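The values are calculated or read from the model by the stated rules, or taken from the named source; none is laboratory data. Keep in mind the model is a prediction, meaning the values are calculated, not measured. Quick reminder, even Gly has a Cβ in these numbers, built from the backbone with ideal geometry, and neighbours come from all protein chains shown. Protein only, heavy atoms only, side chains kept; ligands, DNA and RNA dropped before computing areas. Shrake-Rupley method; radii C 1.70, N 1.55, O 1.52, S 1.80 Å.
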Amino acid sequence: MKGLILAGGYATRLRPLSCSKPKLLFPLVGVPLVDRMAAWFGRGGVTEVILAVNHLSDKLRVDVSRRRLDTKTVLSVEETPLGTGGPINLARPLLDKDEPLIVANGDVISDIDLRGLITVHARSGAEATIALVSAEDPRPFGLATLDANDRIIGFEEKSETNRGPGWINAGVYALTPKVIAMIPHGRPVSLEREIFPILASQGKMRSWKHTGFWYDIGKIPDYIIANRQLLQRVEFRGTTSVEPSMPMAMIRQPSYIGENCTIEDSAKIGPYTILSERVSVKRGAEVSETIAFEQTTLGENCTIEDSVIGEGVTVGKEAMIGKGSIIAGQVVIPDRAIIRTGSVILN
Ligand code: GTP
């Protein structure tokens, strides 16, 4: 069975971090989202994943070809963005003609039981089966209305009216080839606005309710929450590592130190600090509740609180980065600079 990840959006809500890094390469507890999604697809029985890309596709191509993902991946590149439906149409030559396609938004991290979803999809005879999660306020999402048998009978995308808690689109679907054939050619198409409401009105849509781990990382605060939640999950802790060769450094858990990080004496790290690979933390640096992307250098005696530091950033000696700051990739923060609470520093 094949899977497809929609990963061609501009990720405007993750700017400035997404100006230099596609969303699929954002680290989630040190591991790029694409790796985690490929592994999740593989566990669900998907044997090949198509990455439907556009914005920063070259970066993704280079990165994905450098590393070995758990499931075979191929890229399908759009010249102009085709929305959430158009890329599926474009990828048709790569799809199986008589098997459902598993589609996932490239900004969702979850442990949705794909095998369960696929089984229900096959048994129910539905044209589309959508994973749903519950939300207190469904307004930013697609809200599904269900009948007593969990069939979706209505689908409303991003309503302005708060209808109270409800089941929302989790961004993971099984689609039959018939649905894919319904997608108009040669223009951007929104699955959620153009295709799902038709299927729901025809009674051809089934739901798969998910009550476990699920986060949409499309906004920076949600990206941070997803990292913290993932950090605390026992299943994912296998990769939490603390180098034994840094006796004088203090690491408060939960924290994650990626591969090939160097942490010098008397540095204080954590809690809730996540360092991707090749991060260098110099003597006396204090880094708490912070996510540092790969290849960052956090200078001697600097202090960083509750911030996100993009890839390749250099933080100078004794610099102070206040809570809630976002530093874009490759920025150099000079020695002794004071970055005020809530700052966004562009490259
Ligand atoms: P924002 O600009 O912050 O809204 O993010 P986004 O561009 O990623 O859009 P959104 O979060 O609504 O998209 C949901 C998923 O669909 C994401 O994984 C996007 O990468 C993907 N997506 C959105 N538009 C396109 C598109 O035109 N082409 C492709 N291939 N994927 C898309």
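Taking the centroid of alpha carbons for each part, the range 302-335 and the range 175-192 are 43 Å apart. Label positions at residue 252 and residue 58, each projected 7 Å from the Cα along the C-beta direction, are separated by 4.3 nm. Around the amide H of residue 337, modelled in the peptide plane, lie the amide H atoms of 319, 320, all under 5 Å away and 5 or more residues distant in sequence or on another chain.
Name all residues of the range 1-41 having a backbone nitrogen under 18 Å from the label point set 7 Å from the Cα of residue 157 along its Cα→Cβ direction, giving them as ranges. From the range 1-41, the list is 5-13. A simple spin-label model places the labels of residue 139 and residue 347 3.4 nm from each other, with each point 7 Å out along Cα-to-Cβ. For residue 150, neighbours were defined as the other residues whose beta-carbon sits under 11 Å from its Cβ, and their charges (Lys and Arg +1, Asp and Glu -1) total +2. For a quick check, take a GNM of the chain with Cα springs below 10 Å and name the residue from 170, 148, 337 with the largest mean-square fluctuation. Greatest mean-square fluctuation among the candidates belongs to 148. Size check on the chain: the Cα extents along the three principal axes, sorted descending, read 63, 41, 34 Å.
With both bridge residues required to lie in the chain, what share of the DSSP beta bridges run antiparallel, to the nearest 5%? Taking every DSSP beta bridge within the chain, about 30 percent pair in antiparallel fashion.
Counting only protein heavy atoms and a probe of 1.4 Å, the accessible surface of the chain is 50% carbon and sulfur. Evaluating 6.51 cos²θ - 1.76 cosθ + 1.60 at θ = phi - 60° for every residue in the range 299-307, the Karplus couplings come out as x, 3, 6, 6, 10, 9, 10, 6, 9 Hz, glycine and proline recorded as x. Please report the net charge: other residues with Cβ closer than 13 Å to the Cβ of residue 165, K and R +1, D and E -1. Computed value for this residue: 0. Under the simplified labelling scheme, the residue 149-residue 94 pair shows an inter-label distance of 3.6 nm, with each label point 7 Å from Cα along Cα→Cβ. Heavy atoms of the protein chains alone define the surface here; on that basis the range 2-230 has 43 Å² accessible area per residue at 1.4 Å probe size.
My understanding is that a pair violates if its Cα-Cα distance is over 31 Å; which of 2/323; 72/158; 59/178; 21/323 do that in this structure?
In this structure, 2/323; 72/158; 59/178 lie more than 31 Å apart at Cα.
For the chain, the Cβ-based charge dipole about the Cα centre amounts to some 300 debye (Lys, Arg positive; Asp, Glu negative; other atoms uncharged).
Toward the positive end of the charge dipole of the range 1-151, with +1 on the Cβ of Lys and Arg and -1 on the Cβ of Asp and Glu, the farthest Cα among 130, 143, 106 is that of 106.
Set the Förster distance to 25 Å, then compute FRET efficiency between residue 13 and residue 190 from the Cβ-Cβ distance, nearest 0.05. Intermediate values should be presented prior to the final figure.
Working: r = 17 Å, r/R0 = 0.69.
So, using R0 = 25 Å, E works out to roughly 0.90.
Computed over the chain, the per-residue total of -39500 (n - 2.57) for DSSP H runs of n ≥ 4 gives a 222 nm mean residue ellipticity of -5000 deg cm²/dmol, rounded to 500.
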